1. Take the residues in region 91-113 that are closer than 27 Å to Gly40 by Cα and of a type in the set (S, T, N, Q), then tell me which one is modelled with the highest pLDDT.
2. I'm checking my understanding of the structure. Among residues of region 155-169 that are in contact (Cβ under 8 Å) with a residue 40 or more places away in the chain, part of a helix (DSSP H, G or I) and farther than 25 Å from Leu54 by Cα, which one is least open to solvent (accessible area, probe 1.4 Å)?
3. For region 35-154, which strands (runs of 3 or more DSSP E) that fit wholly inside it have 1 or more residues that are surrounded by 13 or more Cβ atoms within 10 Å (Cβ to Cβ), among the aliphatic types (A, V, I, L, M) and out of contact with any Ser or Thr (no Cβ under 7 Å at 6 or more places or on another chain)?
4. Kindly evaluate Asp114 against the criterion of being of a type outside the set (S, T, N, Q) and farther than 15 Å from Leu66 by Cα.
5. Return the residues of region 36-80 that are among the aliphatic types (A, V, I, L, M), over 20 Å from Ala112 (Cβ atoms) and modelled with pLDDT of 85 or more; say none if nothing qualifies.
6. What residue, of Val33, Val20, Val13, is more than 28 Å from the chain's Cα centre (by Cα), modelled with pLDDT of 85 or more and not charged (D, E, K, R)?
Amino acid sequence: MPYTAAEQKSAEVTDWAARVGWLVGLALFVALVYWLMREGWKWRVTLQGDLPELPSAPDEPGPAKLTMSGRYHGSTTAGQWLDRIVAHGLGTRSRAELTLTDAGLDVVRPGAADFFVPAGALREARLDKGIAGKVLTEGGLLVVTWEHGGKLIDSGFRSDHAAEHNEWAETLNDMINKTETEGAR
């Protein structure tokens, strides 16, 4: 049966006002979620305001025992791998250059705040699989536990060459044991 001109229908016309309304609504929702996340981050900084300023590296730290290039994945309250510490820039992920000397652990982070962990503040080094927001295979992360302002902190690092992690953990733990032994005398 042949079609007549009156029976033919044109394609539906897009309702641009509804489409634009949905896009604006979606953009506002995304902006609200981002704002809430930012406020949560700022609230966490306020809650951790009792954490003192981080020490800086001494002028003469001594010769380097070990160096490592890799990534800093953040710091958490020791033993609570999801309780991220964000005060003083410790929550900022970044590239990192680690240098271990007799004076302590120097963490240089391009684009983020550098910090130094004195040898006397080091408590433990271990290989782990995760820290707040970063989960890897077993032993894929070097976690250094240290004390600052009466609080134990775990900081997570991943070397560009994961084979270095074992040597770092052993050397740090030997250094910590040596410091504790000398302190007991």
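The values are calculated or read from the model by the stated rules, or taken from the named source; none is laboratory data. Because the structure is predicted, anything quoted here is derived from the model rather than measured. No Cβ is skipped: glycine too gets one built from the backbone with ideal geometry, and neighbour counts run over all protein chains shown. Quick note on the areas: whole protein, heavy atoms, side chains included, nothing else; ligands and nucleic acids left out. Shrake-Rupley method; radii C 1.70, N 1.55, O 1.52, S 1.80 Å.
1. Taking the candidates together, the pick is Ser94.
2. Looking at residues that are in contact (Cβ under 8 Å) with a residue 40 or more places away in the chain, part of a helix (DSSP H, G or I) and farther than 25 Å from Leu54 by Cα, I get Glu164.
3. On the way: elements: 66-77, 94-101, 104-108, 115-118, 122-128, 141-148.
Once the strands (runs of 3 or more DSSP E) in region 35-154 are filtered for at least 1 residues that are surrounded by 13 or more Cβ atoms within 10 Å (Cβ to Cβ), among the aliphatic types (A, V, I, L, M) and out of contact with any Ser or Thr (no Cβ under 7 Å at 6 or more places or on another chain), what remains is 94-101, 104-108, 115-118, 122-128, 141-148.
4. Details: of a type outside the set (S, T, N, Q): yes; farther than 15 Å from Leu66 by Cα: yes.
Yes, satisfied.
5. Answer for region 36-80, where residues must be among the aliphatic types (A, V, I, L, M), over 20 Å from Ala112 (Cβ atoms) and modelled with pLDDT of 85 or more: Leu36, Ala64, Leu66, Ala78.
6. Numbers: Val33 fails: more than 28 Å from the chain's Cα centre (by Cα); Val13 fails: modelled with pLDDT of 85 or more.
Result of the check over Val33, Val20, Val13: Val20.
Residues are listed down the side, and each one gets a yes or a no for (1) touching a Lys or Arg at 6+ places or on another chain (Cβ under 9 Å); (2) modelled with pLDDT of 85 or more; (3) of a type in the set (A, V, I, L, M):
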site: Phe115; (1), (2), (3): yes, yes, no
site: Leu122; (1), (2), (3): no, yes, yes
site: Ala132; (1), (2), (3): yes, no, yes
site: Thr145; (1), (2), (3): yes, yes, no
site: Ala162; (1), (2), (3): no, no, yes
site: Asn173; (1), (2), (3): yes, yes, no
site: Lys178; (1), (2), (3): no, no, no
site: Glu182; (1), (2), (3): no, no, no
site: Arg185; (1), (2), (3): no, no, no
